[in-house]
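First the structure, in the form of structure tokens, and then the observations on it.
The values are calculated or read from the model by the stated rules, or taken from the named source; none is laboratory data. This is a predicted model, so every value here is computed, not measured. Quick reminder, even Gly has a Cβ in these numbers, built from the backbone with ideal geometry, and neighbours come from all protein chains shown. These accessible areas exclude ligands, DNA and RNA; they are computed on the full protein's heavy atoms, side chains included. Shrake-Rupley method; radii C 1.70, N 1.55, O 1.52, S 1.80 Å.
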Amino acid sequence: MATWSILYYLRNDPDVLRESLRKRGMDPRLVDEAVKADEEWRKLKRMVDEVRHKHNVVTRRIAEERDPERRRELIEQARSLIRERERLEEQLKRVEARRNELLLSLPNIVHESVPVGFSEDENVPIRFWGRPRVYVEHLEAFKQQTERWGFKVDYELIDWKPVGHADMLEYVLGLGDTRKAGEVAGSRFYYLFDDIVWLDIALLLYAIDFMTRKGYRLVLPPYMVRRKVIMGVIDMETFKDAIYKVEGEDLYLIATAEHPLAALYMNEEIPEEQLPIKLVGVSPCFRKEAGAGNRDLKGIFRVHQFHKVEQFIFAKPEESWALLEELIRNAEELFQGLGLPYRVVNVCSGELGAPAAKKYDLEVWMPAQGRYREMVSASNTTDWQSYRLNIRLVRRKGMVKEYVHTLNSTAIASTRTITAILENYQEPDGTVVIPRVLRKYLEMFPKAPKDAIHPVKKEKVN
RNA sequence: GCCGGGGUCGCCUAGCCUGGCAGGGCGCCGGCCUGCUAAGCCGGUGGGGGUUCACCCCGCGCGGGUUCAAAUCCCGCCCCCGGCGCCA
């Protein structure tokens, strides 16, 4: 009764899946393998069921049979059926494992509105907001990232080169120490101090305040989850690149609150009148960044641990696409509030990741880098996660059961947003102005910064 | 971590000691009846397969084992409740 979209197309229209895999730059023959495995599984299952049935019939007769001789004969018959059954069951087990592995390896079906492309530069910007500060030498690069797509974005030309976020943090402000953190924990870890810590906390409070006002329910989830949960929300690839395991336990550190939030209703049925369920989770995030190589090695842009406020929605299938727009708009409002100039891109098919059918990224202009960089990612994962976590929707009429749709989006990721503030709110003298919307979350603390974060005093040169 | 009690179809519950097709109640869905509602009566109410309303398989927290046959007996694990211990 409950139909998973991928299994449906596998059996009824596999071309849809082949086309989707092609768009992702994957081998469409994976679909043929899956179709074959499913057919083989069904055939074998029929055979096994038949033998089981025969065995059940004989067994029931034994219970009634009183004559010892006749009884012995029946037991011998049952034994021989068991041998046959076990032989077939072993085959079934093998085929079933293969089939499930294939089914779970299939990525979500790419939505028709997703641009086909295989690298980051093929993401399609759909709107811009704000007036970026563009350093003269970045002007060409800036135009490349705006006008190439037919957008005319107003900008402020500056003739001084802003200091990059990593150097700002470590040397200009003197409020971060990644060298010592490297010694203590490894690269991509950090110590943050004083005003930057206040800023981290203020950002979280700002996002929590905003999202809860929108009616999202505030959740503090488990920071570790079982393997079956993690495999329910991400694919193997992401698992290898991102997930930390706790030694000796079936526990994995979450890479985002999305993971435990998705699992909040695992193995449950949600009546349709309860949907949509809108949540806002707050948690630390732990990521191995194994696939990142040397990218963004300096500073706190790409790190093993950060705080994030996350939007999450359980939805009826017919409303999920509208809710994806809501999630990205929420994120945009948050960044507009912060006054950080951004663009929203429609992420191309090859960069989606297996769980998502469609994804928007919000990228903030980084004046020191001369690039838009990802701050927010909003995805509609349709029934990909809910199938794996077994989260179903029950319609009032007719007791129809389907899988719910799940959606997720960043609200604010602390360290990344801090890097954007360090570059966009930087004055020529190194002072960082604190965005207005954050000030009320700092006011009540006597030691928190109020209007600006100042450069560390230069030591006097004698 | 230790000791004890528990986990059965959406919810509640019987069955477990003594192995033989998982029974009842509530809720929900459909039908009958009905001026309407309620009551009452009948059927349905987990997953999968199938020639799709014949039928079959699987399902009693999860995984093994014993047996012709396991909710029931044995072993391991998970979770919940209570007590002790530890602890911010």
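Here is how the numbers come out for the structure above:
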read-out	value
A:Trp160 of a type outside the set (D, E, K, R), under 26 Å from A:Gln369 (Cβ atoms) and open to solvent by less than 60 Å² (accessible area, probe 1.4 Å)	yes
Residue within region A:380-400 that is of a type in the set (Gly, Ala, Ser) and more than 16 Å from RNA strand B (Cβ to nearest atom) present	no
Given (1) on the phi < 0 side of the Ramachandran plot; (2) part of a loop (DSSP other than H, G, I, E, B), index of the condition A:Gly281 fails	(2)
Region A:233-260: number of residues that are open to solvent by less than 20 Å² (accessible area, probe 1.4 Å), part of a helix (DSSP H, G or I) and touching a helix residue (DSSP H, G or I) at 6+ places or on another chain (Cβ under 6 Å)	2
Among the residues listed as A:Val110, A:Val134, the single one being within 30 Å of A:Glu156 (Cβ to Cβ), among the aliphatic types (A, V, I, L, M), modelled with pLDDT of 95 or more and open to solvent by less than 60 Å² (accessible area, probe 1.4 Å)	A:Val134
Filter result for A:Val282 (at pLDDT 95 or above, touching a helix residue (DSSP H, G or I) at 6+ places or on another chain (Cβ under 8 Å) and buried (at least 23 other Cβ atoms within 10 Å of the Cβ))	no
Every residue from region A:56-95 that is hydroxyl-bearing (Ser, Thr, Tyr) and near RNA strand B (Cβ under 7 Å from one of its atoms)	A:Thr59
Hits in region A:289-332 (condition: of a type in the set (D, E, K, R) and within 30 Å of A:Thr178 (Cβ to Cβ))	A:Glu289, A:Arg295, A:Asp296, A:Lys298, A:Arg302, A:Lys308, A:Glu310
Selection status of A:Asn100, polar (S, T, N, Q) and part of a loop (DSSP other than H, G, I, E, B)	no
Matching entry among A:Ile201, A:Ile230, A:Ile270 (being open to solvent by 10 Å² or more (accessible area, probe 1.4 Å) and either on the phi < 0 side of the Ramachandran plot or assigned to a loop (DSSP other than H, G, I, E, B) (or both))	A:Ile201
Residue list for region A:24-55, filter: part of a helix (DSSP H, G or I), surrounded by 19 or more Cβ atoms within 10 Å (Cβ to Cβ) and away from RNA strand B (no atom under 16 Å from the Cβ)	A:Val31
Residues of region A:314-349 that turn out to be at pLDDT below 95 and open to solvent by 10 Å² or more (accessible area, probe 1.4 Å), as a count	4
Some residue of region A:292-300 being touching a Lys or Arg at 6+ places or on another chain (Cβ under 7 Å) and assigned to a loop (DSSP other than H, G, I, E, B)	yes
Check on A:Ser20, among the small types (Gly, Ala, Ser), more than 16 Å from RNA strand B (Cβ to nearest atom) and buried (at least 16 other Cβ atoms within 10 Å of the Cβ)	yes
